[in-house]
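Novice: Before I ask anything, let me first share the structure, which is written out below as structure tokens.
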Amino acid sequence: MAKNVSLFGLNRPEYPPSRELFMSELAWSVERDVNKRQEKKAGFAGYAYGELSAKAKAGFEFTRPEPGSKKFEDLCTALVNGRKARDRNSAAKVVSILLEELEAPYSSKALRSAATPLSIETALLQDLRGITGKRNPANLALNLEKMYALGGGKTSVAAGWTSAVMSPSGGGMPAWIRDFFAGVTPGDMDAIVQTVKQHGPSHVIKDLRQPRWLPSNTPYSWFAGAWDNLCERGWVDQMPRRRWTDWASCVARTALATGFMFEMHLYRRLCAALITEEDAGDAVRSMMDDSNRLFSWDDLMQKSAADVGPIVRQLADSGSACRELINDLVSEDGEAVPAFAEFDQEGNGLTSWLQAARKVCKGRSGFEQEVGAAMAAKKSGTANNTWETIRYSLLARSSDGEQDLYALLKSAGKYTWVEPGQEWLVTISSLQARGPGQLSRMTDLTSALASIGIDASQRTLVSRLESYGLARSSHDADDALEIMPGF
């Protein structure tokens, strides 16, 4: 077995072009774990909901029922029999409208479209391969599962999602709509749907890292808490299903980006700490504290001062180079630096690793120059993947006139700054409450933002919350200000 040399064991990052793919890949991960990734057939390129360009290469299976197909006629018949349409012509109009509404927004350059993952059936209407056209895309679902485990998650991300959308109460969807969407999937996918429904709620991935030395205020701990809250505490039954699905995608994309930011930050600081005389414990505490303020958010700051673009670029570039340097130190023959995993069971494990690594590196010829080169590294292939994953997961990505309300960053010209979409802040603040209809406080929100690396001005937060109608008590309450949930 290959030695685990990495800090957290995360897979290579890759930017998913559609937020619908977060839920789709979670659904597909259950089927792949059960069936051990069996290939559908030779030459199969992947699933997509709709075909948008004649340039698309062969091998894709498109899952949207087309007029005249047996599946389309079956959907029409079901609507007539269920008395949701008067006759076949009326039913055809309703079917066309519902199928159109199911299609998610897409960019003008997209070759294939995705369906909105409102249920297990609709989540399986596309996969990452089908939308990206890549034969071996990064394992998006596994990265989310690893981050969830790092945050202390007790089950799995896929288990939480499948359990929620299979809510016996229907979870925010009328029964006839639920039945309609259940009938959209191609007939040859029935076994896949049943596999996910049967194994999804009990899905678990064994042997994922859960280091005891990670503090309780990281992007991973925030992700695990927010995901469990969203999936387990009744939100799915109180919200329209499309809105709940948007919240789930918002949490996932924020976790993916900030999780990699945190990893890159630690690699940079650990690499630098290898050549300093600072007390190891102090160095670790300092880097953990600084991880809570990677981005500043103050609406009164000039765009030039608020620009976080260089921060993301530096984290990706030098963070990737520092990761490679440390991984090489752990992998080399002879007296190697110990692996991070060896200290997972220690509460001060990262401090112990730093002390042990310093002993091995002490006196190493040219080591300070190696660290200096890594800290000053510029763009590389691996760094670009990380940069794209962070930037494009957080950046507003509007499509076909639809505004992205769940983004954290905006960009114009040469500047990129923290400018959350309204629904992003509603989602993050609401999931600090214990459940629907429950209040949270300003201190809960600022703690959540710090966990994902955002140092937010209180006046900015109060102003935003009041303008959105979420602030219940006076701004004079400071940290005790009460925040209403979105539902």
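The values are calculated or read from the model by the stated rules, or taken from the named source; none is laboratory data. In this text, all values refer to a predicted model and were calculated from it rather than measured experimentally. Here the Cβ is made from the backbone with ideal geometry for all residues, glycine too, and neighbour counts use every protein chain on show. In case anyone asks, the SASA skips ligands and DNA or RNA and just uses the protein heavy atoms, side chains included. Shrake-Rupley method; radii C 1.70, N 1.55, O 1.52, S 1.80 Å.
Novice: Around Glu370, with a cut-off of 12 angstrom between Cβ atoms, what is the net charge of the other residues, counting Lys and Arg +1 and Asp and Glu -1?
Specialist: That works out to -2.
Novice: Let me ask something else about it. Between beta-carbons, use under 11 Å as the cut-off and find the net charge around Leu111, counting Lys and Arg +1, Asp and Glu -1.
Specialist: Residues near Leu111 contribute +3 overall.
Novice: Now for a separate question. At 1.4 Å probe radius, can you tell me the per residue accessible area of the chain in Å²?
Specialist: 44 Å²
Novice: With a 10 Å radius around each residue's Cβ, average the other Cβ atoms per peptide and rank 189-197, 274-282, highest first.
Specialist: 189-197, 274-282
Novice: Now for a separate question. Using a 1.4 Å probe on the protein heavy atoms, what percent of the accessible area of the stretch 78-117 belongs to carbon and sulfur?
Specialist: 48 percent
Novice: I'd like the Karplus ³J(HN,Hα) series for the stretch 5-16: coefficients 6.51, -1.76, 1.60, θ = phi - 60°, whole numbers in Hz, and an x wherever there's a Gly or Pro.
Specialist: 9, 7, 5, 10, x, 6, 6, 4, x, 7, 7, x
Novice: Further question: Calculate the dipole size of the chain relative to its Cα centre from +1 charges on Lys and Arg beta carbons and -1 charges on Asp and Glu beta carbons; express the result in debye to the nearest 20.
Specialist: Dipole magnitude for the chain comes out near 1220 debye.
Novice: In the stretch 402-487, carbon and sulfur make up what percent of the accessible area (probe 1.4 Å)?
Specialist: With neighbouring chains kept in place, the figure for the stretch 402-487 is 42 percent.
Novice: Now for a separate question. For the stretch 126-252, just say rounded, prolate or oblate: build the C-alpha gyration tensor, square-root its eigenvalues into a ≥ b ≥ c, call rounded for a/c under 1.5, and beyond that prolate if a/b exceeds b/c, oblate if not.
Specialist: Here the stretch 126-252 falls in the oblate category.
Novice: Would the stretch 50-200 count as rounded, prolate or oblate if I go by the C-alpha gyration tensor, calling it rounded below 1.5 in a/c and otherwise prolate when a/b exceeds b/c, oblate otherwise?
Specialist: In terms of gyration-tensor shape, oblate.
Novice: Taking a cut-off of 13 Å between Cα atoms, list the aspartates and glutamates near Lys359, but don't count ones fewer than 8 places away on the same chain.
Specialist: Glu277, Glu335
Novice: Ok, one more. Please list the helices of the chain that count as membrane-span-like by this rule: a mean Kyte-Doolittle hydropathy of at least -1.0 together with Cα atoms stretching 30 Å or more along the helix axis, each helix being a complete DSSP H run.
Specialist: The qualifying helices are 241-273, 309-331.
Novice: While we're looking at this one, here's another question. Answer with one residue from Pro137, Ala377, Gly68: the one whose Cα lies farthest towards the positive end of the charge dipole of the chain, charges on Cβ with Lys, Arg +1 and Asp, Glu -1.
Specialist: Result: Gly68.
Novice: Taking Lys93 as the anchor, which lysines have their alpha carbon closer than 17 Å to its alpha carbon, excluding any fewer than eight residues away along the same chain?
Specialist: Leaving aside lysines fewer than 8 places away in the same chain, those within reach of Lys93 are Lys70, Lys71, Lys84.
Novice: Can I ask one more? In nm, to one decimal, how far is the Arg212 label point from the Arg459 one, both placed 7 Å along Cα→Cβ?
Specialist: Computed distance between label sites Arg212 and Arg459 equals 4.6 nm.
Novice: Counting only protein heavy atoms and using a 1.4 Å probe, what share of the accessible area of the stretch 267-390 belongs to carbon plus sulfur, as a whole percent?
Specialist: Accessible surface attributable to carbon and sulfur in the stretch 267-390 totals 45 percent.
Novice: Using label points projected 7 Å from each Cα along Cα→Cβ, tell me how many nm separate Glu101 and Glu388, to one decimal.
Specialist: 3.5 nm
Novice: Using a basic spin-label model with each label point 7 Å from the Cα along Cα→Cβ, how many nm lie between Lys378 and Ser167?
Specialist: Modelled inter-label distance: 5.2 nm.
Novice: What order, most packed first, do the peptides 23-34, 323-334, 106-117 have when packing is the mean number of other Cβ atoms within 10 Å of each residue?
Specialist: Peptide ranking by packing, descending: 23-34, 106-117, 323-334.
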